[in-house]
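The values are calculated or read from the model by the stated rules, or taken from the named source; none is laboratory data. Just so it is clear, the structure is predicted and the values come from calculations on it, not from any experiment. Cβ sites come from the backbone with ideal geometry, for glycine too, and all protein chains shown count toward neighbours. Keep in mind that these areas ignore ligands, DNA and RNA; they rest on the heavy atoms of the full protein, side chains included. Shrake-Rupley method; radii C 1.70, N 1.55, O 1.52, S 1.80 Å.
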Amino acid sequence: MTKENEINATGWNLDNSYARLPKLMFTSLKPTAVQSPKLIILNEPLALTLGLNLQELGSKDGVAVLAGNQVPEGSSPLAQAYAGHQFGHFAMLGDGRALLLGEQITPQGERVDIQLKGSGRTPYSRGGDGRAALGPMLREYIISEAMHALGIATTRSLAVVTTGESVFRETALPGAILTRVAASHLRVGTFQYVANWGSVEDLRALADYTLQRHFPEVDDVENPYLSLLKEVIKRQAGLIANWQLVGFIHGVMNTDNMVLSGETIDYGPCAFMDIYDPATVFSSIDVQGRYAYGNQPSIAGWNLARFAETLLPLLHVNEEQAVNIAQEAISNFTELYNCNWLTGMRRKLGLFNEEPKDESLIEDLLSMMKKYRADYTNTFRALTFDRLEDTALFGTKEFSQWLELWHARLGRQQEPQASSHQLMRNSNPAIIPRNHRVEAALDSAVKHGDYSVMEKLLKVLSSPYAHSPEQEDYSALPELSTQPYRTFCGT
């Protein structure tokens, strides 16, 4: 059997539709080979969904593909060009340490990007080494798979391999490559790049491609580019609401980190909130709190406005009318977000129907949680299982009054109490990737080569709504610290 056939036996079924777009949008190049790749973790359920053979994928040649030492049959590797507003400042960017191997056509007929992250320098590396450290790649694996289990749209992680080489940040760190699976890597920043450095026809080609790939059902309407804008707004409204409902803080909501498919992407300085506080920031570089938990909905709206600006030449031949069309579409984001968030919050409180005072009931609970420094996830968990003594709100007069209002609200529903309880079980996770648990897993893996801590964590995170006894320890809060928890981009 030839090398090519061996690689194909793995199940790669790649197309390269992105490579057929105008050439300014990418640079074709191969990954940079590494010394001694070793498979650290493989997402077997995801691999099977992609139509990949586990035995072949874990073989020497299979791992060589995951490390960038071999290119699978049908692959035309490329680095994508894009721009973006980073903390509000516009910059030319691009895949500085990642390559798109191609688009896997799954047995179900779905098309997904296969990208190597940490695969070497590209023309967009901006002075970087194009490599990635093991810790951040494992972090993305853990958090992205946890998000998937929570039912939140996300890119996923197929595998992590170590390279046998060191990367140098503040110290020497073990190098690694992550294989990311995404609906696509089409970003707001992709459109910003083409709008700034391409022609209107280039922009139209990109918009048509995006419609065909993600929104084929709206391709034949009177104004398909307005439909594109509206569909992206709709997906982002749902995504950000889902982040807020589980206390997820992305940490770096630059426009290049907003993908048009509506998936969560780029798990750099992200983290989940423990104590409820809208001002919570974890990222070490977000010194002004631009991307704080409470700011995420408004930042999403700001990013979408930047996307709308790129579409102006396609929305109408008259610029003033194009601006009016875009503004009207963007103005719907807040209402769409609020609708998604309120619906989700009602479910977290076991509410099936709508009443005018529901929002104030929810806001009063959140206000108390902030005042008494209550844990976000565990407070809803305590309400779900009537373990009120487990929350910091227990024993306060405000909470007692709130409980009376909540119980009265539940009593006005037609659905029985058992149905409300089940709705809350399905809407309030027993477990999230607690920051101290993630750090413990990474520390054990990176410093000691022990992956058992991470494997156990991944197992309990895979069923967040199971509310099983083994999840109890993983729901505990960390010990009090005088230093705030900080995350880092890991680039």
Query - Answer from 351, 342, 365 - the residue that is at pLDDT 95 or above, assigned to a helix (DSSP H, G or I) and crowded, with 21+ Cβ neighbours inside 10 Å - result: 365
Report task. Kindly indicate whether residue 46 is under 26 Å from the mean Cα position of the chain (by Cα) and open to solvent by 40 Å² or more (accessible area, probe 1.4 Å). Result -> no
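Per-residue answers, yes or no, for (1) modelled with pLDDT under 95; (2) open to solvent by 10 Å² or more (accessible area, probe 1.4 Å):
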| residue | (1), (2) |
| --- | --- |
| 59 | no, yes |
| 62 | no, no |
| 66 | no, no |
| 69 | no, yes |
| 73 | yes, yes |
| 78 | no, no |
| 87 | yes, yes |
| 100 | no, no |
| 105 | no, yes |
Query raised in the report: So, in segment 206-223, of the ones that are touching a helix residue (DSSP H, G or I) at 6+ places or on another chain (Cβ under 6 Å) and at pLDDT 95 or above, which residue ends up surrounded by the fewest Cβ atoms within 10 Å (Cβ to Cβ)?
Result: 215
Query raised in the report: Going by the conditions given, is residue 190 in contact (Cβ under 8 Å) with a residue 12 or more places away in the chain and either crowded, with 24+ Cβ neighbours inside 10 Å or out of contact with any Leu (no Cβ under 6 Å at 6 or more places or on another chain) (or both)?
Result: yes
Requested in this report: Would you check if residue 401 is of a type in the set (S, T, N, Q), open to solvent by 20 Å² or more (accessible area, probe 1.4 Å), over 28 Å from residue 271 (Cβ atoms) and touching a Leu at 6+ places or on another chain (Cβ under 9 Å)?
Outcome: no
Query raised in the report: Among 236, 244, which is of a type in the set (S, T, N, Q) and buried (at least 23 other Cβ atoms within 10 Å of the Cβ)?
Result: 236
Requested in this report: Can you run down the residue pairs with Cβ atoms below 6 Å, 6 or more apart or on separate chains, where the first is in segment 71-100 and touching a residue at least 60 places away in the same chain (Cβ under 8 Å) and the partner is open to solvent by 40 Å² or more (accessible area, probe 1.4 Å) and outside any loop (DSSP other than H, G, I, E, B)?
Outcome: 73/4; 73/8; 78/28; 83/92
Query raised in the report: With 33, 91, 47, 81 as the choices, which residue is touching a helix residue (DSSP H, G or I) at 6+ places or on another chain (Cβ under 7 Å) and more than 30 Å from residue 456 (Cβ to Cβ)?
Result: 81
Query raised in the report: Can you tell me which residue in segment 273-284 is nearest to residue 381 (Cα to Cα), limited to those that are surrounded by fewer than 16 Cβ atoms within 10 Å (Cβ to Cβ) and under 20 Å from the mean Cα position of the chain (by Cα)?
Result: 278
Query raised in the report: Any idea how many residues of segment 21-37 are open to solvent by less than 20 Å² (accessible area, probe 1.4 Å) and assigned to a strand (DSSP E or B)?
Result: 1
Query raised in the report: Identify, please: which residue in segment 280-330 is in contact with a Gly (Cβ under 8 Å, 6 or more places away or on another chain) and at pLDDT 95 or above and is, among those, nearest to residue 210 (Cα to Cα)?
Result: 330
Query raised in the report: Which of the residues spanning segment 412-432 are open to solvent by 20 Å² or more (accessible area, probe 1.4 Å), in contact with a helix residue (DSSP H, G or I) (Cβ under 9 Å, 6 or more places away or on another chain) and in a helix (DSSP H, G or I)?
Result: 417, 421, 423, 425, 426, 427
Query raised in the report: What do you reckon, is residue 127 open to solvent by 10 Å² or more (accessible area, probe 1.4 Å), touching a Ser or Thr at 6+ places or on another chain (Cβ under 9 Å) and either assigned to a helix (DSSP H, G or I) or over 15 Å from residue 184 (Cα atoms) (or both)?
Result: no
Report task. State which residue pairs qualify: first residue free of Cβ contacts under 8 Å to residues at least 12 places away in the same chain and inside segment 420-440, second residue open to solvent by less than 10 Å² (accessible area, probe 1.4 Å) and assigned to a loop (DSSP other than H, G, I, E, B) in any location, beta carbons under 9 Å apart, and separation of 6 or more residues or different chains. Result -> 422/350
Report summary line: Over segment 137-183, the set of residues crowded, with 23+ Cβ neighbours inside 10 Å and among the acidic types (Asp, Glu) is 140
Query raised in the report: Of the residues in segment 315-339, how many are open to solvent by 70 Å² or more (accessible area, probe 1.4 Å) and either of a type in the set (Val, Ile, Thr) or in a helix (DSSP H, G or I) (or both)?
Result: 10
Query raised in the report: Mind checking whether some residue in segment 285-300 is hydroxyl-bearing (Ser, Thr, Tyr) and touching a strand residue (DSSP E or B) at 6+ places or on another chain (Cβ under 7 Å)?
Result: yes
